[in-house]
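Enquirer: Input: one structure, supplied below.
The values are calculated or read from the model by the stated rules, or taken from the named source; none is laboratory data. Note that the coordinates shown come from a computational prediction; the quantities given were computed from them, not determined experimentally. When we count neighbours, we look across all protein chains shown, and the Cβ atoms used for this are built from the backbone with ideal geometry, even at glycine. For accessibility, only protein heavy atoms count, side chains too; no ligands or nucleic acids. Shrake-Rupley method; radii C 1.70, N 1.55, O 1.52, S 1.80 Å.
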Amino acid sequence: MLGGPRKLDSIKLPPGFSISVFAENVTTARAMAYSPEGIVYAGSNDAGEVYAMPDKNHDGVADTVITILKGLKMPVGVAWHKGDLYISAISRILALRDIDHHLSEPPAPETVYDKLPVETHHGWKFIAFGPDGKLYIPVGAPCNICLSENPLFASIARMDPDGSGLEIVANGVRNSVGFDWDPRDSSLWFTENGRDWMGEDMPSCELNHLTSVGQHFGFPFCHQGDTLDGEFGIGKNCGDYVPPVVKLGAHMAPLGMRFYKGSMFPAKYNGAIFIAEHGSWNRSKPAGYRVSVVFPEPNGSTTEEIFAEGWLTGTSAWGRPVDVLELPDGSL
């Protein structure tokens, strides 16, 4: 756990699990990445900073929190790749070369790519390297609901580590702030935040599965796989788009997600998907503010459970989950 008050005794977990603080005073912590050197990296939102949290003795508590970058615009996403840390900052992708060995004197960030859209509405980005060695970058819609001329909006794209070869792999994705690759077949799964102002319980946020490059997931024409948009859905058919694997619920704001690959947790969690549900902002009865877990079955079906909750009490929240990260020992 990064930051937050010490109210962990209010978090409900399945029997046999425990929760503890990994690092404190990590201001507006967002996405996380891990280096084999035993370092957890985290981006931030409003703070504009990037943090390194080494845990050299692997005791589950960060030795210290080091600010390695300041003054960036929403550097939410971090991705470690072959010794370098890649950082998303709205329109730019930056890299800190060989950062593991220069935490006390970080190198100047190198610009890898600087031609992403500059809009900040859904402009913060979770990033990660896929099994193909490419950096995956979502580009959210610059609006609640709209159809943009620039095909890069409402998509997930990928590029080579040097910033070349940018291509779109998924279309019609309103805003994804978390994805991971299935350990069974290396296919991409991702969370998606549904549109606002269709009602308290509509439309659902989604867990989606990309099975071929170029698939379209419906936005802005069709929501939650079965509901046409009142404006942009006219003349469209939801059957033309890829439906979600799981409807996660309206306004849950699912963000970071990871497949569990470790052995510390009971066997039922092997291959399960843990999802950080950030929580609603405009719902009269708040929803989310928890970590859920989805179990993909060999036959294509899924089941879903709540894994950790208690950050929300009534209509008041003291914490909002934003990402999950498995460590080498199998802890989360």
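Enquirer: Once amide H atoms are placed 1.01 Å from N in the peptide plane, what residues at a sequence separation of 5 or more from Leu69, or on another chain, have their amide H within under 5 Å of its amide H?
Expert: HN-HN under 5 Å from Leu69: Val50.
Enquirer: Based on the Cβ-Cβ distance from Met202 to Asp162, what FRET efficiency comes out when R0 is 51 Å, to the nearest 0.05?
Expert: Numbers: r = 43 Å, r/R0 = 0.84.
Computed FRET efficiency for Met202 and Asp162: 0.75.
Enquirer: Using the Karplus curve 6.51 cos²θ - 1.76 cosθ + 1.60 with θ = phi - 60°, work out ³J(HN,Hα) for each residue of the range 36-46 in order, rounded to whole Hz, and write x for Gly and Pro.
Expert: Each residue's phi maps through the Karplus curve to give x, 6, x, 10, 9, 9, 9, x, 9, 9, 5 Hz.
Enquirer: Expressed in nm to one decimal, what extension gain is obtained for the pair Ser20 and Asn45 from 0.36 nm per residue of sequence separation less their Cα-Cα distance?
Expert: On the way: separation 25, 0.36 × 25 = 9.00 nm, distance 2.31 nm.
Between Ser20 and Asn45, full extension yields 6.7 nm more.
Enquirer: If you put +1 on each Lys and Arg Cβ and -1 on each Asp and Glu Cβ, how big is the dipole of the chain around its Cα centre, in Debye rounded to 20?
Expert: Its charge dipole is roughly 420 debye.
Enquirer: Which FRET efficiency, nearest 0.05, do Ser10 and Thr302 yield, Cβ-Cβ r, R0 35 Å?
Expert: E between Ser10 and Thr302, to the nearest 0.05, is 0.75.
Enquirer: Assigning unit charges at the beta carbon (Lys, Arg +1; Asp, Glu -1) and nothing else, what dipole magnitude in debye, to the nearest 20, does the range 174-332 show about its Cα centre?
Expert: Here the range 174-332 has a charge dipole of around 180 debye.
Enquirer: Still on this structure, please answer the following. Classify the range 1-70 as rounded, prolate or oblate, taking a ≥ b ≥ c as the square roots of the eigenvalues of its Cα gyration tensor: rounded when a/c is under 1.5, otherwise prolate if a/b is larger than b/c and oblate if not.
Expert: Because a/c hits 1.5 or more and a/b fails to exceed b/c, the range 1-70 counts as oblate.
Enquirer: If I take R0 = 41 Å and measure r between the Cβ atoms of Asp226 and Asp114 in this structure, what FRET efficiency does the formula 1/(1 + (r/R0)^6) give, to the nearest 0.05?
Expert: Calculated value: 0.55.
Enquirer: Could you report the chain's accessible area per residue, 1.4 Å probe, as an integer in Å²?
Expert: 42 Å²
Enquirer: Sequence neighbours fewer than 8 away in the same chain don't count; with that in mind, list the lysines whose C-alpha is under 30 Å from Lys125.
Expert: Hits, sequence-local ones excluded: Lys7, Lys12, Lys56, Lys70, Lys73, Lys82, Lys115, Lys134, Lys236, Lys247, Lys261, Lys285.
Enquirer: Residue farthest toward the positive end of the dipole of the range 198-267, with Cβ of Lys/Arg at +1 and Asp/Glu at -1: which of Val242, Pro266, His216?
Expert: Pro266
Enquirer: From the backbone phi of the range 147-152, what are the Karplus-calculated ³J(HN,Hα) couplings (6.51 cos²θ - 1.76 cosθ + 1.60, θ = phi - 60°) in whole Hz, Gly and Pro given as x?
Expert: Calculated HN-Hα couplings, in order: 10, 8, 5, 6, x, 6 Hz.
Enquirer: Between (1) 55; (2) 60; (3) 38, which matches percent of Cα pairs over 28 Å apart calculated for the structure shown?
Expert: (3)
Enquirer: Oh, and also: Place a +1 charge on the Cβ of each Lys and Arg in the range 96-174 and a -1 charge on the Cβ of each Asp and Glu, then give the dipole magnitude about the Cα centre in debye, rounded to the nearest 20.
Expert: 360 debye
Enquirer: Hey, can you grab everything whose amide H is under 5 Å from the amide H of Val169? Only 5+ residues off in sequence or another chain; H modelled, so Pro and N-termini drop out.
Expert: Hits under the 5 Å cutoff: Ile156, Ala157, Arg158.
Enquirer: From the backbone phi of the range 176-188, what are the Karplus-calculated ³J(HN,Hα) couplings (6.51 cos²θ - 1.76 cosθ + 1.60, θ = phi - 60°) in whole Hz, Gly and Pro given as x?
Expert: For the range 176-188, the Karplus-derived couplings read 9, 10, x, 7, 7, 10, 5, x, 7, 9, 6, 7, 8 Hz, x marking Gly and Pro.
Enquirer: Taking H placed 1.01 Å from N in the peptide plane, check which residues at least 5 places from Trp80 or on another chain put their amide H under 5 Å from its amide H.
Expert: Under 5 Å from the amide H of Trp80: Tyr34, Tyr86.
Enquirer: Multiplying the sequence separation of His102 and Trp318 by 0.36 nm and subtracting their Cα-Cα distance, what value in nm do you get? Present the calculation step by step, with values, prior to reporting the outcome.
Expert: On the way: separation 216, 0.36 × 216 = 77.76 nm, distance 3.45 nm.
Contour length minus the Cα-Cα distance gives 74.3 nm.
Enquirer: Compute the relative contact order of the range 1-156 as a whole-number percentage, counting only Cα pairs closer than 8 Å that sit 6 or more residues apart in sequence.
Expert: Once divided by the residue count of the range 1-156, the mean separation gives 14 percent.
Enquirer: Take every Cα pair under 8 Å in the range 255-318 that's 6+ residues apart, average their separations, divide by the length, and report that relative contact order as a whole percent.
Expert: About 24 percent, as a whole number.
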